[in-house]
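The values are calculated or read from the model by the stated rules, or taken from the named source; none is laboratory data. Everything numeric here is computed off the predicted structure, so don't read it as measured data. Ideal geometry is used to build each Cβ from the backbone, glycine not excepted, and the neighbour counts take in all protein chains shown. With ligands, DNA and RNA removed, areas are computed over all heavy atoms of the protein, side chains included. Shrake-Rupley method; radii C 1.70, N 1.55, O 1.52, S 1.80 Å.
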Amino acid sequence: MTRGGRGHGRRRDVLKAITAGTVAGLTGLAGCVGDPEEASDEDDEEFDTVQFGVLEPFTGEFSDLAEERHQGTELAIQQVNESDEYDFEIEYSEYDTQLDPATATQRAQEAVQSDEAQFITGCISSSVALAINDFALENEVVYTPGAADVSITGSNCNEYVFRFETNTAQIAEVMAQWTTDEFGDRIFYHIADYAYGESVLNEVETRMESISDSYEQVDVTRSDPGSTDFEAFISQIASASDDADALVVGMTGADLAIFLSQASERGLQDEIPIVTTTGSFRAIRAGAGAGAYNTYSGVRYVPSIETGDNQAFVEAYESEYDAVPDNFSRVGYESIRMVANGIREAGSRDPTTVAETLSGLEHDTIFGPNEFRECDQQALNPVWMGECVEPDDGDIADVELLTDLSGEDAAPDCEEIDCDL
C-alpha cells in the first residue's frame, strides 16, 4: 500500500487479506481497465483481486476529514476481504491529492496506469472531485466521490460516477424547510468562494424561494478557501443582523471551524442564528470548540442513529480505531461496500459492466435499504436538522437532532436534476 506524494512518514500497515472460501463462480476482466471488448473475450476467466485507488487530501486543511474517511474505507475493505460473501479481495494504494485538482488528476493517472486500478474512491473537495469525475469518464473507471456539490451527480454526472455522500441539495431541503419554519425567510449568506460554497448558496436559495413567496436574500459575502481571518465578514454580517432572520454558512473543514470560533468571540450567535451545512461534523465541532455551541446544522450522519446496520458499523469502527465514526467515515465505508456489491452482482471487475449493474441496485446499508438511483446515481440518504449544544462533559459540542427527512423526501425529483446519463 502506498500513499503517493504524501509528505510525511506516517504510514499504515498493509491490511492482511483473509480468504474464507474458495474463489469460484465469478468471471471478470483480465485485460485492460475499462475495455468492454477485451472483457467480453475473457468472460470465462476467474478473477480473485480487484484494484482500488484511494485519493484523499491527506495534507492541507481537510486532512482530518480525509483521515476519517480513509478509516471508513479501510474498515470496509477489511470486512469485504474477510467475508465469505465475496469471492474476491480488494487491493488498494493511497494517494495524496493535497486539495488540488491537477495533483488529484495526476494521482488518479498513477493509480490507473501504474497500479492498474479499476475503481477510484475519495476526494472531499468538490472542485477536486469534479476533476476526477472527468477523469473517470475519460478512463472508464468507476469513481465514488466524497464531495457534496450537486453538480457531481447533476450537470457534471456521468455513467461511471456513483455517490454515497449526501449532496448539498439533500441537505438544503431539510435546512430550508426548518430555517423558514423556525426563524424566517430573510437570509444572509456567507460562503467559501469555490464550487461547494456556490452550491450551498444556489441550493438553499432555490428551496427558500419555493417555500416562501416573501423570501429575501439580504446579502452574500465570500471568503477564499483556506482563509484564517473572518473579522471583516463577521462585522458586515453583524451590521445587517437587524435585517436578516438567519445566517446560512456554506463552508466546511478548518475554514468553518475558524469562522465559528471567531464569530463566537464576536458574539455573533447572540445577534443572528447561525445555520451551517457541515457544523455537525465532529472534526469541525472539535476545531471550533465553544464556537460551535448554539449553532444549527444540516446533519448527514451521527453515530447514534438506529437505522440499517449502523450500530454494527459503529461497534466495528470503535473496535478498530478506538474512536467513533463520523460523516466521512460512513461515506468511505459505504462507498466501498456498495461497489463491492456491484462487483459481486456483476460477476466482473470490468468497470463498465459494474457501472451498469450498480445503477438502481438495492443495497442493505447503515441507512437501511438504499440505492444509487438510476437517473443520477446519487444515493437516497435520509437527512436531519440538528443543534450543536454545550456538552455535559468535555469541550466538543453535542448534536441534538431536531427533525428529519427520508431519502425520498430529501432528494430532488429526477426531472429537476440536470443529469443526462
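A few points about this structure:
- Of the residues examined, Ala39 is not one that is open to solvent by less than 30 Å² (accessible area, probe 1.4 Å), at pLDDT 95 or above and closer than 23 Å to Ala340 by Cβ.
- Residue selected from region 50-64 under the condition of a type outside the set (Phe, Trp, Tyr) and part of a loop (DSSP other than H, G, I, E, B), by the criterion most open to solvent (accessible area, probe 1.4 Å): Glu61
- Test: Val331 is aliphatic (A, V, I, L, M), at pLDDT 95 or above and more than 20 Å from Cys123 (Cα to Cα): no
- Among residues that are in contact with a Gly (Cβ under 9 Å, 6 or more places away or on another chain), under 29 Å from Leu380 (Cα atoms) and surrounded by 18 or more Cβ atoms within 10 Å (Cβ to Cβ), Val248 is not included.
- Count of residues meeting criterion [outside any helix (DSSP H, G or I) and either more than 20 Å from the chain's Cα centre (by Cα) or over 19 Å from Thr168 (Cβ atoms) (or both)] in region 400-414: 5
Quick grid of which residues meet (1) among the small types (Gly, Ala, Ser); (2) over 16 Å from Ile343 (Cβ atoms); (3) touching an Asp or Glu at 6+ places or on another chain (Cβ under 6 Å); (4) not in a helix (DSSP H, G or I):
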site: Ala66; (1), (2), (3), (4): yes, yes, yes, no
site: Leu75; (1), (2), (3), (4): no, yes, yes, no
site: Gln78; (1), (2), (3), (4): no, yes, no, no
site: Asp84; (1), (2), (3), (4): no, no, no, yes
site: Ser93; (1), (2), (3), (4): yes, yes, yes, yes
site: Gln98; (1), (2), (3), (4): no, yes, no, yes
site: Ala102; (1), (2), (3), (4): yes, yes, no, no
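- In region 120-178, residue surrounded by the most Cβ atoms within 10 Å (Cβ to Cβ) [restricted to those that are small (Gly, Ala, Ser) and more than 24 Å from Asp64 (Cβ to Cβ)]: Ala172
- Residue pairs meeting the criteria (Cβ under 8 Å; at least 6 apart or on separate chains; first under 10 Å from Asp364 (Cα atoms) and open to solvent by 40 Å² or more (accessible area, probe 1.4 Å), in region 307-318; second acidic (Asp, Glu) and outside any helix (DSSP H, G or I)): Gly308/Asp364; Asp309/Asp364
- Region 230-256, subset in contact (Cβ under 8 Å) with a residue 12 or more places away in the chain and more than 19 Å from Val275 (Cβ to Cβ), residue farthest from the chain's Cα centre (by Cα): Ser235
- Unique residue being touching a residue at least 60 places away in the same chain (Cβ under 8 Å), surrounded by fewer than 18 Cβ atoms within 10 Å (Cβ to Cβ) and not acidic (Asp, Glu) when the list is Val389, Val383: Val389
- If you filter region 179-198 down to residues that are in a loop (DSSP other than H, G, I, E, B) and under 16 Å from Ile274 (Cβ atoms), you find that the one that is least open to solvent (accessible area, probe 1.4 Å) is Gly184.
- Residue within region 112-125 that is modelled with pLDDT of 95 or more, within 10 Å of Leu55 (Cα to Cα) and assigned to a helix (DSSP H, G or I) present: no
- Residue match in region 215-229 (condition: surrounded by fewer than 21 Cβ atoms within 10 Å (Cβ to Cβ) and farther than 17 Å from His190 by Cβ): yes
- You will find that of Ala232, Ala254, the residue that is touching a Gly at 6+ places or on another chain (Cβ under 8 Å), open to solvent by 10 Å² or more (accessible area, probe 1.4 Å) and farther than 21 Å from Ala169 by Cα is Ala254 and no other.
- Those residues of region 349-380 which are part of a loop (DSSP other than H, G, I, E, B), more than 21 Å from Cys419 (Cα to Cα) and either among the aliphatic types (A, V, I, L, M) or open to solvent by 10 Å² or more (accessible area, probe 1.4 Å) (or both), in sequence order: Arg349, Ile366, Phe367
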